[in-house]
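First up is the structure itself, then whatever we jot down about it.
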Amino acid sequence: MGFLLDFAYLLAAVVLSPWLAYRLCTAGRHDVARRFGVDLGEPLRASIWLHGSSAGEVAVLRPLVAMLERDLPGTPLVISGFTVTGLAAARKLYPHHRVVPLPFDLSFVVARCLRRFDPRLVVVVESEFWPNLIAGARRRGAAVALINGKMSAKSYQVHARTGVIPRVLRMLDLLAVQTEEHAQRMRALGVQAARLRVTGNMKYDLTTAAADQQQAQQLRRTLGYAESDVVIIGGSLHEQEDDALLDAYAAARVATPDAALILVPRYPADAVAVEQRARARGYRAARKTAVDAGREPVPGRDGVLVVDTVGELGRLYAAADLAFVGGSLFFRGSNKGGHNLMEPAILAVPVLFGPYNFSFKETVEDLLAADAGRLVRDASELAAAVVALATDRQGRRALGVRAQQVVRAGQGATARNYALLVNLLRHQR
């Protein structure tokens, strides 16, 4: 398989050479050399190699890495990322470990990296099925495991036709997947049931309450909200979502004068335009940096707070009574959709979200199955849901409690996966 795959990769590289040249130039020469297995640092002995593609997959490894550090302090850890953002996240999160770009999946490149790192265990996250990496690791006697595994219906159809990935999946010693649905697809591709485990979604283990009740109440007072106010927050808002939420807020103000609004654009640079649109509707709007600096008074219930700071969204969710999580109301691409619903849910804040939730599909399904979240298909449904919950204190609190229960019930996947990995290690050299 190695020779045929190398030929296919090289043929694809020729066809895509202009785009690849651009990507290689923007990635930086040093990272390109390392993807060819050059300048990887001093040789390691009996390491554990963990790989995630993007920033989210790299981050999901954090509790697992902490467990390995605690129990195997003398074992070298290699963390690899595929995307530029994934690699940047790995460097930030794991500064004390060997962080490398995922090597090109050419058999001779992979072999060079495996010789350098000498892994006894290779762990890949979600759907990183690199054939030469997995086959090469197995040839060297390393165990190979998939954790937080998943496979979409579309991917299953492609893999069932081509046959390459099914062969790769059958090489894995362990496939710990998020749901039974993913397990069924992998069994249909020929994976032995004895190697499959349904262990849950590790993303739930990254979720902790950003503030306790006392801190939340203090923040509400600082922002000028009374205990009786109904604070509506829109988190990680993309284009047009602020307008939709302003419409919903206007409707809520008609239903109850206690409604208040916080808008948090996904990109702080958008805050100026969001503030201008709120003022164009007649609201007294202020950006949080101006409020923090004392240049503007807190708008409180009678205005709109526009957040242009970074890293505060979790705390602000804690101060809210109702949350809409953005990036989900309008189509932005087939592989884009939604942001972290678990941040407000863990705080027992009732959560609304749009129909485009590719990035958090499993969480959406869990929330809807437990009647713990509200799916709104367009701006008019968003307005109706905001009004309904803003005027129903008991209903929104019950919805928030159910959302919190969903997140708490989903936690523990990391510990379950860690136990399975430790069992694999016991059978290695």
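Quick look at the numbers
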quantity: Candidates Pro43, Pro73, Pro63 - the one that is within 21 Å of Ser127 (Cβ to Cβ), modelled with pLDDT of 95 or more and not aliphatic (A, V, I, L, M); calculated: Pro63
quantity: Verdict on Asp321 being of a type outside the set (A, V, I, L, M), under 15 Å from Ile233 (Cα atoms) and touching a residue at least 12 places away in the same chain (Cβ under 8 Å); calculated: yes
quantity: Out of Leu329, Leu382, sole residue that is within 15 Å of Ala248 (Cβ to Cβ) and part of a loop (DSSP other than H, G, I, E, B); calculated: Leu329
quantity: Failed item, numbered, when Ala160 is tested on (1) under 24 Å from Gly410 (Cβ atoms); (2) surrounded by fewer than 19 Cβ atoms within 10 Å (Cβ to Cβ); calculated: (1)
quantity: Residue, nearest to Leu313 (Cα to Cα), within region 342-356, restricted to residues that are touching a Leu at 6+ places or on another chain (Cβ under 8 Å) and open to solvent by 10 Å² or more (accessible area, probe 1.4 Å); calculated: Glu343
quantity: Unique residue being in contact with a Lys or Arg (Cβ under 6 Å, 6 or more places away or on another chain), at negative phi and among the β-branched types (Val, Ile, Thr) when the list is Val307, Val298; calculated: Val307
quantity: Qualifying positions in region 54-74 - in contact with a helix residue (DSSP H, G or I) (Cβ under 7 Å, 6 or more places away or on another chain), surrounded by fewer than 21 Cβ atoms within 10 Å (Cβ to Cβ) and assigned to a loop (DSSP other than H, G, I, E, B); calculated: Ser54
quantity: Odd one out for Ala259 among (1) in contact with a Gly (Cβ under 7 Å, 6 or more places away or on another chain); (2) of a type outside the set (D, E, K, R); (3) modelled with pLDDT of 95 or more; (4) within 30 Å of Tyr356 (Cα to Cα); calculated: (1)
quantity: Filtered residue count, region 75-89, keeping only those that are open to solvent by 10 Å² or more (accessible area, probe 1.4 Å) and among the small types (Gly, Ala, Ser); calculated: 2
quantity: Test: residue in region 387-398 that is at pLDDT below 95 and open to solvent by less than 70 Å² (accessible area, probe 1.4 Å); calculated: no
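Table: residues versus (1) surrounded by fewer than 21 Cβ atoms within 10 Å (Cβ to Cβ); (2) more than 24 Å from the chain's Cα centre (by Cα).
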| position | (1), (2) |
| --- | --- |
| Pro119 | no, yes |
| Val122 | no, no |
| Arg140 | yes, yes |
| Leu146 | no, no |
| Arg167 | yes, yes |
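The values are calculated or read from the model by the stated rules, or taken from the named source; none is laboratory data. Keep in mind it's a predicted model, so treat the numbers as computed, not measured. Here the Cβ is made from the backbone with ideal geometry for all residues, glycine too, and neighbour counts use every protein chain on show. SASA here: full protein model, heavy atoms, side chains in, ligands and nucleic acids out. Shrake-Rupley method; radii C 1.70, N 1.55, O 1.52, S 1.80 Å.
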